[in-house]
Amino acid sequence: MSVGPARDASARPVAGRTAYVLLHNTSEIATCDASGERLLRYPRGAVVFQDGRVLEVGSAGELSRRHPDARPLNAGGRLVTPGLVDCHTHMIFAGQRAAEFQRRLAGERYEAIAAAGGGIRSTVAATARERDDTLEKLLANRLERWRANGCTSVEVKSGYGLTPGAEIRLLDLIRAASQRVPARVHRTALLLHALPESHANRRADYLDELCERTLPEIRRTDRANVVDVFCDPVAFTVDECRRVLLRARELGFALRVHADQFERTGGAQLAAELSARSADHLEAANEDDWRALARSGTVGVLLPAAALTLGQRLPEAAMLRNCGAHWAIATDFNPGTAPAQSLLECAALAARLCGFDADETLRAITWNAARALGAEADVGHLTPGAWGDAVTWECETLEELPYWMPAVRPDCVFMRGADLALPSIERRVWP
């Protein structure tokens, strides 16, 4: 069976007018359906791209007969999936915190390191010192690495500026870097990450400035369309986060919340209350919190690299299934708690720690992750009308994706139905 338009000769694409491609000779195509509720598997299937989007997916023989003018591309008997979606990264920063990692290995807690001037603030200082062109190039190179690892859609947060002016600088650099790389970049304004030193004894003034000037300016200039906050005892209270999020929603921003990472303090419940797109981390969240997220349609984003680094537990798959929750998996790429540069490796880790099967793992890094970005209509699946973002993997079965460690490498990455050359990441990108 194929999924696509009715058999109507008048609907046949015009060869040569635009990219018109038939990707065939796959071992199988695995993708969520358009609703994200079912995983579709097409053994030795094929997919047709035209005008940058998926036209049909289904039986290779049937699609070959229906699209004789399409340019054939041979998948070499490999697995094909949608392009992966990394829905949570802190990718724009300077420096590294390897020494801090050693302190944590010696038993020092993150909160103590942060209180002593480490943690987020040390990266903020390094980022402030770095030149704009260097930061932009660093981010562009990191986006290339993600694409080389099969990620065609990536969220990038600001957050290592802290002051309003520094956050706007980072959002401008994210926008500039995204124009260098053939990837879909979703910009998020993380405005409550840590209190800047300039407002050490003026928390209310800081919130006033964000709500009255910074948020309207970001919205007016379209620097971001999503606002995120860090709701945790080491960062900001539920009431502080609620105030900023309500103002952001009033201005038309979508909402996300770093919630209940170190303690269960109500971050997940706040995300559910405000119908945020996602609540992220959730290491300290309980079953009631996951049920609230399920009722509100909020995606719970699991960040296994950070949990592993900090010695925290992730929720069990059986509990998440029982709650009816939607969950995604992301890298949380940052220089402190998650210097993880492969979404697929994070997914393989989560599968082991939580008990996710191969279907659930793929859904968590494609359709569900796209939903956390508000992009599920266009990416995260290979159904008619979606963007033609796909990956052929150096394996034959879906079950192999969470199985191999280190992660399976892409053989080819497609953006808008075009097979793009992969960067030589070993020479060009580190980190």
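The values are calculated or read from the model by the stated rules, or taken from the named source; none is laboratory data. What you see is a predicted model; the values in this text were computed from it and never measured. Quick reminder, even Gly has a Cβ in these numbers, built from the backbone with ideal geometry, and neighbours come from all protein chains shown. What goes into the accessible areas is simple: the full protein's heavy atoms, side chains included, and nothing from ligands, DNA or RNA. Shrake-Rupley method; radii C 1.70, N 1.55, O 1.52, S 1.80 Å.
Counting only DSSP beta bridges with both residues in the chain, tell me the antiparallel percent, nearest 5. Write down the numbers at each step before the final one.
Values: 27 of 64 bridges.
Around 40 percent antiparallel, to the nearest 5.
Give, as a single signed number, the net charge of other residues whose beta carbon lies under 12 Å from the beta carbon of Thr89, with Lys and Arg counted +1 and Asp and Glu -1. If you can, show how the numbers build up before the last one.
Numbers: positive: Arg142, Arg145, Lys157, Arg187; negative: Asp86, Glu155, Asp228, Asp280, Asp332.
Within the 12 Å Cβ shell, the charges total -1.
What whole-number distance in Å separates the alpha-carbon centres of the range 221-247 and the range 95-156?
Result: 21 Å between the Cα centres.
Which residue, Asp280, Asp389, Asp419, has the most motion in a Gaussian network model of the chain that connects Cα atoms within less than 10 Å?
Among Asp280, Asp389, Asp419, the largest mean-square fluctuation in the Gaussian network model of the chain belongs to Asp419.
Please give the peptides 167-179, 341-353 ranked by average Cβ packing (other Cβ atoms within 10 Å per residue), highest first, as a rough proxy for protection.
Numbers: 167-179: 20.1, 341-353: 22.9.
Going by the mean number of other Cβ atoms within 10 Å, highest first, we get 341-353, 167-179.
Loop only by DSSP, 16 or fewer other Cβ within 10 Å of the Cβ. Give me the trypsin sites (Lys or Arg not before Pro) in the range 73-127 that pass, ordered by residue number.
Numbers: sites: Arg78, Arg97, Arg103, Arg104, Arg109, Arg121; in loops: Arg97, Arg109.
Of the trypsin sites (Lys or Arg not before Pro), the ones in loops of the range 73-127 whose Cβ has at most 16 other Cβ atoms within 10 Å are Arg109.
How large is ³J(HN,Hα), in whole Hz, for each residue of the range 136-151 in order, when computed from phi with the Karplus curve 6.51 cos²θ - 1.76 cosθ + 1.60 and θ = phi - 60°, using x for Gly and Pro?
Computed from phi, the couplings for the range 136-151 are 5, 5, 4, 5, 4, 5, 5, 4, 4, 4, 4, 5, 5, 8, x, 8 Hz.
At 1.4 Å probe radius, can you tell me the per residue accessible area of the chain in Å²?
Details: 16700 Å² over 431 residues.
Ligands and nucleic acids excluded, the figure is 39 Å² per residue.
Ranked highest first by average number of other Cβ atoms within 10 Å, how do 149-161, 235-247 line up?
Numbers: 149-161: 26.7, 235-247: 19.4.
Top of the packing list down: 149-161, 235-247.
Which entry in (i) 192; (ii) 158; (iii) 140 matches volume of the Cα convex hull per residue in Å³ derived from the coordinates of this structure?
This structure yields the entry labelled (iii).
Just report the Cα centroid separation between the range 36-62 and the range 250-283, whole Å.
So the separation of the two Cα centres works out to 35 Å.
Give me the one-decimal nm value for the distance between modelled label points at Glu108 and Asp378, 7 Å along each residue's Cα-to-Cβ direction.
Simple spin-label model gives 4.4 nm for this pair.
Give the carbon-plus-sulfur fraction of the accessible surface of the range 288-418 in %, rounded to a whole number; probe 1.4 Å, heavy atoms of protein chains only. Don't skip to the answer; put the middle values down first.
On the way: 2080 of 4270 Å².
C and S atoms contribute 49 percent here.
Would you calculate a helix-derived [θ] at 222 nm for the chain, using -39,500 (n - 2.57) for each DSSP H run of n ≥ 4 and dividing by the full residue count, to the nearest 500? All intermediate terms of the calculation are to be shown ahead of the outcome.
Values: 17 runs with 150 residues, N = 431.
The helix contribution divided over the chain gives -9500 deg cm²/dmol.
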